[in-house]
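The values are calculated or read from the model by the stated rules, or taken from the named source; none is laboratory data. Owing to the predicted nature of the structure, the values given are computational and were not obtained by experimental measurement. Glycine also receives a Cβ, built like all others from the backbone with ideal geometry; neighbour counts cover every protein chain displayed. For accessibility, only protein heavy atoms count, side chains too; no ligands or nucleic acids. Shrake-Rupley method; radii C 1.70, N 1.55, O 1.52, S 1.80 Å.
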2 protein chains.
Amino acid sequence: MTNIKKVSELAGVSTATVSRTLKSPDQVSAATREKVLEAVKAAGYRPNWLASSVKSGRSNTIVVLVPNLVNPFFMRIIGGIEQAAQEKGFSVLLGDTQGSPEREHEYASMVLTNRADGLIQLEHSFPFSAADADLAGDLPMVSVCERIHSEKKYPVIELDNYAASRALAHHLLGYGHKHFAAIVGQVSSQIYRERLAGIRSVLQEEQIPFEQNQITGGAYTIEAGIAGATHLLSQSVRPTAIFCFNDDIAIGAVHAIKKAGLRVPEDISVVGFDNIKVSAFIDPPLTTVDQPAYDMGRRAVEVLVSQIRGEPLARSKEVLPFQLIERESSGPAPV
Amino acid sequence: MTNIKKVSELAGVSTATVSRTLKSPDQVSAATREKVLEAVKAAGYRPNWLASSVKSGRSNTIVVLVPNLVNPFFMRIIGGIEQAAQEKGFSVLLGDTQGSPEREHEYASMVLTNRADGLIQLEHSFPFSAADADLAGDLPMVSVCERIHSEKKYPVIELDNYAASRALAHHLLGYGHKHFAAIVGQVSSQIYRERLAGIRSVLQEEQIPFEQNQITGGAYTIEAGIAGATHLLSQSVRPTAIFCFNDDIAIGAVHAIKKAGLRVPEDISVVGFDNIKVSAFIDPPLTTVDQPAYDMGRRAVEVLVSQIRGEPLARSKEVLPFQLIERESSGPAPV
DNA sequence: CAACACAATGTAAACGTTAACATTGGAACA
DNA sequence: TGTTCCAATGTTAACGTTTACATTGTGTTG
């Protein structure tokens, strides 16, 4: 191992001078600087990051807790996180939790052991185990999309899900639809409640019924979309428009509807959420709500880093703008 | 900061005893152990990971270099990496390079500065800058899918691309196709050469011509698939079967073909590579080659970790099995 | 009962770096 | 020429842990 001492001997200076040459070059004279840099090159020296971190007490690392890696929407968020983190000199530890609380705890505890400085949570659960809950007092943590279910308020970067689903509902009402259904993702989440409330508020204004048996689902997957659509098609009253709570569900729903011999949107309109890449290129292209996933990731890092630096946070909730993307999976209600 | 010293004072023992209680509990007496653990709990002590790592010189961290995060195939590999890493006690630093050499260097140099112990490369470039090339002598590094272009041979986990494209070619020949085209991904890569060679070898056996003007492409994206298919459709002789070098390209190609008023597979058969999730649910479901992405990731970690541990590696190249998935995007050639 | 072994614990040095403080020497100025 | 100041460098203690070595005490054995 080539360490700073070896370099200092090679250059005939003290270790402090070597350290200074690399960290704050203007504190050493030009002559010494050159001498040291030459020795650094000759020895092939690279400062040991672990050692400097243990001194500073900062690892300049953030952990991202994500339920799974195949969801392209999450990956776009993580792309934004990664980019912003790099710009700010942080690196990103990937925590694929697969929804398991044990894994969540394990990753979250990295920030208790100085392995990371902060934590971005893409789920809504409080990621610390009961044993660590008290230690986690005011640890830097930010959540994206979903508010973290905890006593203490952690900052959250989210979409206006209420307004977004109202926009979708208005869009479909404009096409004359009267029979709605929804295939929701994970139940018992903030998103679930807000989106459903948005839809309900619009339909209520038009006095269109929207009962529990018009709501199905349980996961944000293509398979759940297939199962949900299949279930809805078997109902006595077939819906003419289906809200899907993400694009994967919508892709599954479209697949199942077409497989059942019906057409989208002629027989049934389908709308999604997220605007993942592939949604624009399936048949028919999906009407959906664009979430600024990349920016959400970026913003999360900015908020987290200022939390790490101990700066007071302006507000504990940031709502980013959405955009309704009208494509061909939605159209006039059948007569 | 609650450190080991505070705990040792609280328990009335030395710091060494505290350390031993936590690392090798059988070396301390039951009475002391209990006393110490109580103090640990009372103080809310968690050992500082940075400090132990600087002692051991190992960070138990690996860096994964990935060109982009939206490609679901890469994400499945990373899922496998993440899983295997966790089982082996390693954590995963995400290095989204966006194809930029500077970023590659930056991430790769983490392993030179003890920020990480090893490196998994999902691209084929040698990720170290010219300045660091000599230092990178025998650093633990493994590549997945693509051989790293370097003098030293690094282990590679890959698919038998030659055999896989032969299988696809035979599949299409069995349907009576005579006019082929290919939309390739990144040119000048190992994958590009091997797959093309596989296709060529089969077509040559049947004395079917396959010229350069039947080959197009340049990126592994949906957009490249659209552009490629559009280009191919404008040729004087329209192909009846198109090899796409990944499923994203195939999705784009199918989109463009349908948009041009043609049908898949009745007019043109389209086959892909990777078997990403959505491929089974688009219209028509995609015939493709399943790559065991998850297992490739897992295997990469196993090889990398044994490299980190200094164990000699059995072989520098591992070829994992593929599987031809026949779906509905390929069919009989039009008459 | 002496000699020894061994289990349990303490002491202190190390890991590689950084930074507070100390020292040096030369320039500027009266 | 003596004082002051400051830039440049060195010395050394820290960061929080682990561990080699030293010490203690207890039990075993001849």
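Quick one: is B:GLY176 under 29 Å from B:ALA227 (Cα atoms) and either touching a residue at least 40 places away in the same chain (Cβ under 8 Å) or in a strand (DSSP E or B) (or both)? For B:GLY176, the condition - under 29 Å from B:ALA227 (Cα atoms) and either touching a residue at least 40 places away in the same chain (Cβ under 8 Å) or in a strand (DSSP E or B) (or both) - is met. With respect to the conditions (1) at pLDDT 95 or above; (2) out of contact with any Lys or Arg (no Cβ under 7 Å at 6 or more places or on another chain); (3) closer than 19 Å to A:GLU158 by Cβ; (4) open to solvent by 10 Å² or more (accessible area, probe 1.4 Å), A:GLU328 falls short on a single one, namely (3).
The one condition from (1) outside any loop (DSSP other than H, G, I, E, B); (2) under 23 Å from A:LEU69 (Cβ atoms); (3) within 12 Å of another protein chain (Cβ to nearest Cβ) that A:ALA116 does not meet is (1). B:ILE77 passes every criterion in (1) open to solvent by 10 Å² or more (accessible area, probe 1.4 Å); (2) modelled with pLDDT of 95 or more apart from (1).
Scanning region B:239-282 for residues that are open to solvent by less than 10 Å² (accessible area, probe 1.4 Å), under 21 Å from B:LYS178 (Cα atoms) and in contact with a Gly (Cβ under 7 Å, 6 or more places away or on another chain) yields B:CYS244, B:PHE245, B:ALA250, B:ALA253, B:SER269. Consider region B:87-108 and keep the residues that are in a helix (DSSP H, G or I) and surrounded by 22 or more Cβ atoms within 10 Å (Cβ to Cβ). The one that is nearest to the other protein chains (Cβ to nearest Cβ) is B:TYR107.
Whenever a residue of region B:193-217 is at positive phi, its partners that are not aliphatic (A, V, I, L, M), lying with C-beta atoms within less than 6 angstrom and at least six residues away or across chains, give the pairs B:GLY217/B:GLY228.
Can we say A:GLY137 is open to solvent by 20 Å² or more (accessible area, probe 1.4 Å) and facing chain B (nearest Cβ under 10 Å)? Taking the combined requirement at face value, the residue satisfies it.
Of the residues making up region B:36-56, those that are near DNA strand C (Cβ under 8 Å from one of its atoms) and in contact with a helix residue (DSSP H, G or I) (Cβ under 8 Å, 6 or more places away or on another chain) are B:ALA51, B:VAL54. When region B:68-112 is filtered for residues that are within 16 Å of DNA strand C (Cβ to nearest atom) and farther than 23 Å from B:HIS149 by Cα, nothing remains.
Among all positions in region B:112-126, there is no residue which is small (Gly, Ala, Ser), at pLDDT 95 or above and assigned by TED's automatic domain parsing to the domain that holds B:ALA241.
Selection of region B:265-292 for residues being of a type in the set (A, V, I, L, M, F, W, C) and at the interface with chain A (Cβ under 10 Å from one of its Cβ atoms) yields B:ILE276, B:VAL278, B:ALA280, B:PHE281, B:ILE282.
Scanning region B:119-131 for residues that are open to solvent by 20 Å² or more (accessible area, probe 1.4 Å) and within 21 Å of B:LEU69 (Cβ to Cβ) yields B:GLU123, B:HIS124, B:SER125. Only residues that are open to solvent by less than 30 Å² (accessible area, probe 1.4 Å) and farther than 19 Å from A:MET110 by Cα: list them for region A:44-73, please. Scanning region A:44-73 gives A:GLY44, A:TYR45, A:LEU69, A:ASN71, A:PHE73.
Only residues that are open to solvent by less than 60 Å² (accessible area, probe 1.4 Å) and more than 7 Å from DNA strand D (Cβ to nearest atom) were counted across region B:1-10, and they come to 3.
This table checks each residue for (1) more than 10 Å from DNA strand D (Cβ to nearest atom); (2) touching a residue at least 60 places away in the same chain (Cβ under 8 Å); (3) assigned by TED's automatic domain parsing to the domain that holds A:LEU119.
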residue: A:GLY12; (1), (2), (3): no, no, no
residue: A:THR21; (1), (2), (3): no, no, no
residue: A:SER24; (1), (2), (3): no, no, no
residue: A:VAL28; (1), (2), (3): no, no, no
residue: A:VAL36; (1), (2), (3): no, no, no
residue: A:ALA42; (1), (2), (3): yes, no, no
residue: A:SER52; (1), (2), (3): no, no, no
residue: A:VAL63; (1), (2), (3): yes, no, yes
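In the condition set (1) under 27 Å from A:ASP247 (Cβ atoms); (2) surrounded by 17 or more Cβ atoms within 10 Å (Cβ to Cβ), B:ALA333 is compliant with all but (1).
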